Amino acid sequence: MRHFVGFCLVLLAGCKPEPARVPAIAEAFAGPASLNIRQDITLQSPVVATVAHGERLEILQRRRRFVKVRTPRHAEGWTDERLLLSPEEVASLRRLSEQTQSAPSQGVATTYDTINVHTAPDRQSPSFLQVKEGEKVDVIGRRVASRVAPAVPRPPPPAVKTRSKKSKDKKAKAIVPPPPLPSAPKPPRDWIELSKGGPAPAPAEAAPVPMDDWSLIRNAAGQSGWVLTRRLTMAIPDEVAQYAEGRRISSYFPLGETHDGKVVKSTWLWTTVEQGLQPHDFDSFRVFVWSLRHHRYETGHIERNLKGFFPVLTHPVLLPKTRNGSAAKAPGFSILIEKKDGNRYRRSYAFVENRVRLSGEERVENVPAPIAPEATRSLADATPPEPAPSMRERIVDWRKRLFGR
């Protein structure tokens, strides 16, 4: 009996009630592929947990741009608010992947180094994925965005309350009038000519806003995101890419094959742009055919000085009718261009016997909007600001840091 009572006492002593958890004020999701949760705000603080992209986190507290979160495994720590995604941003990223699944590829690209994939065409947006060195991805679209984030308007500072000074003397002091002012000087004789002034100074030109060129990509797993265009290299064969002449290849497509003995060579269509950061996606296109006489690639067709936009499509094209009234289809492609009248037209070309023939063009009334992330609510709007801690709370906090209690 005595042993049984002792056992019960030990069991009750070990069953301590768990401390009450701090209620969450909002929810967020991990943005990077791997996010470290630290014990304190400083970067030297030890890591208490590591979460993967998309894991749900509970926000418990905010301090400026840092937030205290709780992981699904009930670990609590601090992280940067900019590395978290709001529920609206996660939904927008999911819709972006759904839209790009059926979008036509504008060519396969690769990279010579590991690059980060962002949720939006913005350097400050979270990076949730990485493209490894040599990994191939599909290029879906392109966008030019400002490098500098728009300034967030801040509320005006509170008005300073002026304290009224109480005079010690109850009797009003005698006010001595100031001395009289000296007489004003007389204007010069040519004051009329002087008042006319010179020509108005020219207004100062505003400094150009730095811009970045972004590409929307899709990996083999179907995940989509934004990367800097300059970090990508289009994976067209080098024997064709050598003719770029300093231009950037923005898209490329195979049109057919040519058999040169036992060697099979593809016919290539590419689009290029001479300068980056342009509103259009390409300004020229070119078709390369394999020459059976010289055993090398030669230009079969080229057009320059265009304002072209994605997507470039490869599909069968209807040839002009013959004398007997019959019409046939042939392999071909079509491009979307903007003319001087400001309207956009889809121009079709047929590829017959290594020759490119214009098949026709038609005006595009409803131009589809480029695929881009939707405007979402910031995480700061979802988490109300926390009131400043009192002096007593600060002293208790510092005592815990120094003495651990």
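The values are calculated or read from the model by the stated rules, or taken from the named source; none is laboratory data. Because the structure is predicted, anything quoted here is derived from the model rather than measured. Cβ sites come from the backbone with ideal geometry, for glycine too, and all protein chains shown count toward neighbours.
The set of residues in the stretch 84-101 being assigned to a helix (DSSP H, G or I), among the hydrophobic types (A, V, I, L, M, F, W, C) and either buried (at least 17 other Cβ atoms within 10 Å of the Cβ) or at positive phi (or both) consists of Val90, Leu93, Leu96. Each residue in the stretch 26-41 was checked for being of a type outside the set (Gly, Ala, Ser) and modelled with pLDDT under 90, and 1 of them qualify.
Grab the strands (runs of 3 or more DSSP E) fully contained in the stretch 169-277, keeping just those with 3 or more residues being more than 30 Å from Gln101 (Cβ to Cβ). Give the steps one after another, and end with the answer.
Details: elements: 211-218, 224-228, 248-260, 263-273.
In the stretch 169-277, the matching strands (runs of 3 or more DSSP E) lie at 248-260, 263-273.
The condition of being in a strand (DSSP E or B) and in contact (Cβ under 8 Å) with a residue 60 or more places away in the chain holds for only one of Thr299, Thr314, that being Thr314.
Let's see how each residue does on (1) surrounded by 15 or more Cβ atoms within 10 Å (Cβ to Cβ); (2) among the polar types (S, T, N, Q):
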| position | (1), (2) |
| --- | --- |
| Pro203 | no, no |
| Val209 | no, no |
| Asn219 | yes, yes |
| Ser224 | yes, yes |
| Leu228 | yes, no |
| Ile236 | yes, no |
| Ala244 | no, no |
| Arg247 | yes, no |
| Ser250 | yes, yes |
